[in-house]
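Colleague: Dropping the structure in here first, questions after.
What follows draws every value from the coordinates through simple rules; no lab data is involved. What you see is a predicted model, and the numbers here were worked out from it, not measured in a lab. Virtual Cβ from ideal backbone geometry, glycine too; neighbours counted across all protein chains shown.
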Amino acid sequence: MLSVIVPTKNSEQALAYSLSALVSAAAEGVVREVLVVDSGSTDGTERVADAAGCDWLSHQGPRGLALADGAKKAGKGEWLLFLPPEAHLEAGWHHEAQAAIERVIRSGKADSTAFSFAAKNDAFGIAARASEWMSAFRSHALAMPSKNQGLLISRRFYKQLGGHQPLTELEDLDLVRRVGRWRLVFLRAAAISPQLTSEASILGRIRKGLARFCVAILRIPPQFVLKLHG
C-alpha cells in the first residue's frame, strides 16, 4: 500500500528512531518499502538504513529534486508517505492511515485528497505543549503543517500536482499549497518531533516560520522567499 520516502543527511540517530515506528506497519503489509534518499551523509546513516532493510538512493542536488526522484524510484506502493527522519510516528498510526485511505478510495476521492499527521513534541513542560498548540493552529486554521508532520498522498495525485519542485527548502510547503486547504486532511495519529531549545534554534524557527507564512498565506513564490531569506 505505502512507499515511505525519507530524506536524510547525517541523520544516523534520528533515522534509527524514526524507522522503528514503521516496523509494525511493515509486518502487517501496510508499508511495502522504505526508501532513504541521502544527500551526502558522512556518519552511519547508510548503515542504519541497510540494517533496517531500506532501499538506498544517493542524491546530490536540491532536497525537492531528491524527493521527486525518490518518488519515481519507490514503485511498490500506490500511496507515498514523505517523512523526515526527525519524525517518529506514534504507535498504531498505520491503522488510522489505512482506514483513511480505504475511505477516500470508496468515496472516489483518492486522487484529490492528501493526509498529514498531528504534531506532538517529545518533551515535558509548558513550552512543549505551547509548541503543539501552535502546530495545531497552523495546521487546521492555516493549512500550514510543518515538514515533520509528513505527507501521505496517492501516487496519481502526486503526479497530477507535478510532484516536488527542485527547491532547497520549503519544498514540502510548496507541495501542500498545491494540494489545497480543502483537500488536506489531518489524521489524529501524531508525528512526534524533538524539541529545539537553544537560542540559535529558536531564532532559526522564527525565520523559517516567517518564510513558511509568506509562502502559505501571502502566496509568495517559494523561489522568491528563498532568495530573500538566503
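Colleague: Does Met134 count as over 20 Å from Gly70 (Cβ atoms) and assigned to a loop (DSSP other than H, G, I, E, B)?
Modeller: The answer is no for Met134.
Colleague: Going by the structure shown, is Pro85 in contact with a helix residue (DSSP H, G or I) (Cβ under 7 Å, 6 or more places away or on another chain) and in a loop (DSSP other than H, G, I, E, B)?
Modeller: yes
Colleague: Something else: Does Leu80 satisfy being touching a strand residue (DSSP E or B) at 6+ places or on another chain (Cβ under 6 Å), of a type outside the set (Lys, Arg) and surrounded by 15 or more Cβ atoms within 10 Å (Cβ to Cβ)?
Modeller: yes
Colleague: Please identify the pairs in which a residue from segment 146-163 that is without any contact (Cβ under 8 Å) to a residue 40 or more places away in the chain and closer than 11 Å to Leu81 by Cα has its Cβ atom under 6 Å from the Cβ atom of a residue that is buried (at least 21 other Cβ atoms within 10 Å of the Cβ) and of a type outside the set (Ser, Thr, Tyr), counting only partners at least 6 apart or on another chain.
Modeller: From segment 146-163, no pairs qualify.
Colleague: Residues in segment 55-68: is at least one under 12 Å from Leu2 (Cβ atoms), of a type in the set (Gly, Ala, Ser) and in a loop (DSSP other than H, G, I, E, B)?
Modeller: Looking through segment 55-68, none of the residues is under 12 Å from Leu2 (Cβ atoms), of a type in the set (Gly, Ala, Ser) and in a loop (DSSP other than H, G, I, E, B).
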